[in-house]
Amino acid sequence: MVYNKENGSELRIYAWTRTASAVLSHCLCIVFTVFIAVLSRPGTSWFSWHPFLMTLAFSFFMTEAILLFSPYGSPLKKFSHKTKGCVHWFLQVSCVSCAVLGLAAIFYNKHLNGKPHFTSWHGLLGLFTVCVVGLQSVAAVPLVYHSLAKGWSLAKLKRYHTATGLVTYLLGSASLLLGLSSAWFTGSVGEYTWYLSALSSALNALIIMNQVSSAYTAKKRLQS
């Protein structure tokens, strides 16, 4: 009986911690995206669209797309898995669209100013990340139309999609962190704001990584 009480108490603490982490992730991605929007003032220049759209893509849309499947912090917790999948698909399409438009904005801005393209680690990783998120989204089509993936079980496809999705998210987070070291951002904010912004992105990445890796491990254990 003592063991059962202790075990139940541990489970409640675990559930509360995971719920608090998910809520924190929701808040961080929203606040950070709004902050970048206010700072960049999209529409004032071609460049202003780049940080706004990239942050909207990877900090908001992609984070929310993953959190949809959180058993503790999903805003659609009571909805069916199929409904969550449809909303996830919509958010990911929005992510890819914003990422491509953000890349196009910075490319055109550099073209107008006669500056070389993709000369920094941020630029190179950003280009690579946009390509990867596009490929990862295309590779997810067989999850919706399973007949396209003959010889592959749906469970295996989901595991691969989960693993590659986490890698893609971490690439997006790394690209955002490198963007915080750009001349534009460091010249626009103070030292403490910079550290808070970096901490926000890093903490969000850790929360998402923990959620996805825990779900991946649990599914693999059940299916083995």
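The values are calculated or read from the model by the stated rules, or taken from the named source; none is laboratory data. Bear in mind the structure is a predicted one, so any value in this text is a computation, not a measurement. Please note: Cβ atoms are built from the backbone with ideal geometry, for glycine as well, and neighbour counts cover all protein chains shown. Only protein heavy atoms, including side chains, enter the accessible area calculation; ligands, DNA and RNA are left aside. Shrake-Rupley method; radii C 1.70, N 1.55, O 1.52, S 1.80 Å.
Tabulated data
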| item | result |
| --- | --- |
| √(5λ) per eigenvalue of the Cα gyration tensor, region 1-87, largest first, Å | 37, 16, 7 |
| Vicinal HN-Hα couplings computed from phi for region 195-207 (Karplus, 6.51 cos²θ - 1.76 cosθ + 1.60; Hz; Gly/Pro x) | 5, 5, 5, 5, 5, 4, 5, 5, 5, 4, 4, 5, 5 |
| Inverse of mean 1/r across different Cα pairs in region 68-158, Kirkwood, Å | 15.7 |
| Phi-based couplings in Hz for region 81-92 (Karplus 6.51, -1.76, 1.60; Gly and Pro marked x) | 5, 5, 5, 4, x, 5, 5, 4, 4, 4, 5, 5 |
| Centre separation in Å (Cα based) which lies between region 116-134 and region 141-219 | 16 |
| P(r) weight above 11 Å for region 28-70, C-alpha pairs, percent | 61 |
| Kirkwood-Stokes translational diffusion coefficient of region 133-178, alpha-carbon pairs, 10 °C, 1.306 mPa s, µm²/s | 139 |
| 222 nm mean residue ellipticity, helices alone, for the chain (DSSP H n ≥ 4; -39,500 (n - 2.57); rounded to 500) | -27000 deg cm²/dmol |
| Carbon/sulfur fraction of accessible area - the chain, other protein chains in place, 1.4 Å, % | 70 |
| Most to least accessible of Y72, Y169, Y108, Y160 (protein chains only, probe 1.4 Å) | Y160, Y108, Y72, Y169 |
| Net charge, T19 excluded, C-beta distance under 12 Å - Lys, Arg +1, Asp, Glu -1 | +3 |
| log₁₀ of I(q)/I(0) at q = 0.07, 0.08, 0.09, 0.17 Å⁻¹ - the chain, Debye sum with one point per alpha carbon | -0.26, -0.33, -0.41, -1.23 |
| Value in Å of the Kirkwood radius, where region 83-128 supplies the Cα pairs that are averaged | 12.1 |
